[in-house]
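No lab work stands behind these numbers, since they all come straight from the coordinates. Keep in mind that what you see is a predicted model, and the values were worked out from it rather than measured. Neighbour counts are summed over all protein chains in view; Cβ atoms, including those assigned to glycine, are modelled from backbone coordinates with ideal geometry.
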Amino acid sequence: MGRVQGKVALISGGARGMGAEDARLLVAEGAKVVVGDIRDDEGRALVSELGDAARYVHLDVTQADQWEAAVAAATGEFGKLDVLVNNAGIVAAGPLREFRMDKWQKVIDVNLTGTFLGMRAAVDPMTEAGGGSIINVSSIEGIRGAPMVHPYVASKWAVRGITKSAALELAPLNIRVNSLHPGFIRTPMTAHLPEDMVTIPLGRPAEAREVATFVVFLASDDASYATGSEFIMDGGLVTDVPHKDFSAG
């Protein structure tokens, strides 16, 4: 039996990258999955690959009514909702003094408000199911800072914070809320970046499936006592302190 056998999960931003790998591994471990995204063609192709255990819904995470429809799809198709993976996210870069407000607001709307709306929509069906697991995908930029990506850093720190406030409020309902903090992951969003852009102690970027293993763990009953916590998977990146290499003597 799989680690999430019989559970029903909703994944935002699930059509490709980390979200798609989350969907694949959750299904492989016995879950039913609703994939939500704005990339309809890619989302439908993924669901076709996954078969009867998956459904696709168009989901713009900034729209409350689309969240309600996505939750209704999960409960209507599979009878309940046990797991929410708030995975959808975008990034925008630019110097602080020139950063446009529309670019700032778009990142905040998707990364932070989208996470809030997803959690809000999930509370009632998870309560009816007797509890659940909400997994909010933040970033190592929600642990530290980075230049030029100001709304991304701000939103990912905020996701880390709202995870904790939600965890405290929802604990009496047996709904666990945790944040994931990936480092440099090979996904379509990072495909344009050189692999040596940062020095990673483990020597390489991660594959999206390596992050998905954390999602499956947090979705499963193996993580039944974990809530309000931060799970970092970054190859040691945030632990490292820049230093000279003395190994050559």
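In the structure displayed, which of Lys106/Lys164; Lys32/Lys106; Lys103/Lys156; Lys80/Lys164 lie more than 27 Å apart, Cα to Cα? Numbers along the way, then the final one.
Working: Lys106/Lys164 24 Å; Lys32/Lys106 31 Å; Lys103/Lys156 16 Å; Lys80/Lys164 24 Å.
Beyond 27 Å between Cα atoms: Lys32/Lys106.
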* Where labels lie 7 Å past Cα in the beta-carbon direction, separation of Ser229 and Arg44 in nm -> 4.1 nm
* **Residues with amide H under 5 Å from that of Gly132, placed H, sequence gap 5 or more** => Ile175, Arg176
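Roughly speaking, what is the stretch gain from Asp221 to Ala28, that is 0.36 nm per residue apart minus the C-alpha to C-alpha distance, in nm to one decimal? Intermediate values should be presented prior to the final figure.
Working: separation 193, 0.36 × 193 = 69.48 nm, distance 1.61 nm.
Difference between extended and current length: 67.9 nm.
On average over all directions, what projected area in square nanometres does region 8-233 have, based on the convex hull of its Cα atoms?
Working: hull surface 47.7 nm².
Over all viewing directions, region 8-233 projects a mean Cα-hull area of 11.9 nm².
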* **Residue with peak Gaussian network fluctuation, the chain [Cα springs, cutoff 10 Å], from Arg160, Arg100, Arg24** => Arg100
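Using Cβ counts within 10 Å as a stand-in for footprinting exposure, how do Glu21, Glu77, Glu210 rank, fewest first?
Numbers: Glu21 22, Glu77 13, Glu210 16.
By the 10 Å Cβ count, ascending, the order reads Glu77, Glu210, Glu21.
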* Asked: Who wins for biggest fluctuation among Tyr56, Tyr152, Tyr225 in a Gaussian network model of the chain, springs between alpha carbons below 10 Å?
  -> Tyr225
